[in-house]
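Let me begin by presenting the structure, written as C-alpha cells, before commenting on it.
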Amino acid sequence: DELARLPDLVPILRLCATGFKSACNGPMPVLPKILVVEDDDAIRALLVAALRREPFDLHAAVNGVEALNLTRVSEYAVILLDLMMPELNGVEFLEAFHEAAPESRTVIFVMTAFDDAMVRHLAPNLVHGIVRKPFDVPQLVAMVREVGLTRLESSPESTGDADLPAGGDDVLPTEPPN
C-alpha cells in the first residue's frame, strides 16, 4: 500500500480518497520536493527507501544530466547530490544548476567519501553541507526532513534563508568557523 509510506497523512488521505470531503478541509497538503542524485544503485535505493517513509514528494536521478533535467521542470526543497558520477558529475551539476537557476533557494547537500575542500571553493554559495560517506541514514533523513519542512513553511517572499539543522560528525558546514 503506497499510502503506508506517508504515516502522518494516511488517515486524511484515506478519508479523502473514499469520499469524505469534510476530512480534507481544503486543498491537499503540498509536500516538499526532494531529489536524490546518486549513481550507485544500492545507495540510491537505500536513500529512496528511507526517505519514502517521510511526507516528501521524492524523485531520484542516476546522474547529473538526469538531475539537471528534473530541476528544469521542478523546484526542489532539498537535493542530495553525489559528487562522483558518470556523464555529468556533481561539480559539473552544481555549476550548471547555478547557471540555470542563480536565485534558487534549494538546499543542496553533497554526499562524498572524498576531500570536501574541492566543493568548498567551487560553490560555497550553493552547497549547504557536505555529508561524508558512509553516512548515518536516520540522521540524514532527519536533516532532510527538517530542512524540507522548513523550506516548505517559508514563504516565497522571504528574503532570509531558513535555519539549517545542526549535523553530526559526518555533516560538515561549507563555511569554516570564525
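Computing FRET efficiency as 1/(1 + (r/R0)^6) for Ala42 and Asn89, where r is the C-beta to C-beta distance and R0 is 25 Å, gives about 0.85.
Length available on full extension from Gln139 to Glu103: 0.36 nm per residue minus the Cα-Cα distance, which gives 10.1 nm. Taking a Cβ cut-off of under 10 Å around Glu87, the surrounding Lys, Arg, Asp and Glu residues balance to a net charge of -3, with basic ones at +1 and acidic ones at -1.
Shape analysis of the stretch 39-103 places it in the oblate category; the axes a ≥ b ≥ c from the Cα gyration tensor give an a/c of at least 1.5, with a/b not above b/c.
We did not get these values from a lab; they are worked out from the coordinates using the rules stated. Everything numeric in this text was worked out from a predicted model, so none of it was measured. Don't worry about glycine lacking a Cβ; one is built from the backbone with ideal geometry, like all the others, and counts go over all protein chains shown.
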